[in-house]
1. At 7 Å along the Cα-to-beta-carbon direction for both ARG177 and ALA85, put a label point, then send me their distance in nm to one decimal.
2. Distance between Cα centroids, region 257-278 to region 17-50: provide it in whole Å.
3. So what is the relative contact order of region 289-412, in percent, for Cα pairs below 8 Å that sit 6 or more residues apart?
4. Can you give the relative contact order of the chain as a percent, counting alpha carbon pairs under 8 Å and 6+ residues apart?
5. With springs only between Cα atoms under 10 Å, which of GLY395, GLY379, GLY336 fluctuates most in a Gaussian network model of the chain?
6. Pull out the extension gain between LYS408 and ALA121, defined as 0.36 nm times the separation in residues minus the alpha carbon to alpha carbon distance; nm, one decimal.
7. For the chain, modelled as a GNM with alpha-carbon contacts under 10 angstrom, which of GLN31, GLN226, GLN102 fluctuates the most?
8. How far is the Cα center of region 305-346 from the Cα center of region 169-224, in Å?
Amino acid sequence: MSNENVTVERLEAIREGDYLPTSKKIILGIQHTFTMFGATVLVPLITGLDISVSLFMAGVGTLLFHFLTKGVVPAFLGSSFAFIAPILAVAALPEFGLPYAQGGIVVAGLIYLVLAGLVYAFGPEKVVNFFPPIVTGPIIMVIGLKLAPVAIDMAKGNWMLAIVSFVIVTVVSIYGRGFVKVLPVLCGLIGGYIFALLTGNVDFTPVTNASYFGWPAFTMAKFNTQTIMMVAPVAIATMVEHIGDVLAIGATVEKDFMKTPGLHRTLLGDGLATSLSAMFGGPANTTYSENTGVLALTRVFNPTIMRIAACFAIILGIVPKLGSFISTIPSPVVGGISIVLFGMIASIGGRTLVENKVDFTKSRNLLISAVILVLGLGGAVVPINMGTMCFSIEGMALAAIVGIILNKVLPE
């Protein structure tokens, strides 16, 4: 069957090459932009970085990532939460400040290039060998479940709004027909927003105060050995997270991105996007779990949609009025939708274990899975102090490292 004859209604999943009108691609792109907006602006809100710069660089970084990965990975790059603590630490030093934190992030992004070179030299098989299903399944589950408190914190501000958006997403996902079926997130946002308007839960003050057009307030990064050593080592943890995210995206769309386009290219794209963002005042970038949840929910796997979303992020960065309007969406509305999205990611991890027939009658497999889940979700932190270099490994990165070690050490 030719691509021209393929319609959305008859597709199990929409992939690159499947016919889709431009208007529908734009709508799907907007859906992904809405999904990433909240988390992307949260990092600059916490750290003091400029919101418009963060949105602009998220879009530019995503386009750079797609260029370097041959445009085959349906990923969106947004603000990384892993660097919040060191950014605040450097910003609090009176002799330094945010520009020096940016310099540390620039170097952190360049560390990705070192690992990318090693992967390219020795082959992805050497890396993939460390990530069998008994390791990747629980890691993907941790990615989703670690975000669960975020969804609940947003939803509990107004459970009625959260329930309305949740119900709309659920109904559209199950009973929707045609093109509407792949827009559950957008439908949930619009429906929840309308309900919020009717119940007086929307504040338009940010829109009133925002200008229609304005270039983001770019600031150049500054470099100092001390601050670099405070920030850059976080890349050790985020590189492991990157591998987990790539595995999660691959499991969702049923493709092996570790081989094509190759882990070295995804690391290169993520690292350079991070360095570019920080060089001009943005936060570190990372492959976004929220968009992985949208992929799982909508089964729209066309990478073009991500590039359209990136263009909208750039537009939001230079049109403050639009960005302010999106920011008026109440957090509980996003929280209700996030309950589904984050749960989807965790479910994909469970699917990975089931499809690969991981035998949990073996104590070895039970132990590896248990340790990954508890360390990843329990808040365990391992501080690393080597002279002026101080950082910590926690969350998914710590869980992945320990799981990888256990998988190699414990006998079959």
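1. Between ARG177 and ALA85, the label points sit 5.3 nm apart.
2. 19 Å
3. Numbers: 78 pairs, mean separation 26.4, N = 124.
Answer for region 289-412 is 21 percent.
4. Computed value for the chain: 33 percent relative contact order.
5. Answer for the Gaussian network model of the chain: GLY379.
6. Gain in length upon complete extension: 101.1 nm.
7. GLN226
8. 5 Å
Values in this text are rule-based calculations from the coordinates and carry no lab data. Only a predicted model underlies this, so the values are computations on that prediction, with no experimental measurement involved. Cβ coordinates were reconstructed from backbone atoms using ideal geometry, including for glycine residues, and neighbour counts include every protein chain displayed.
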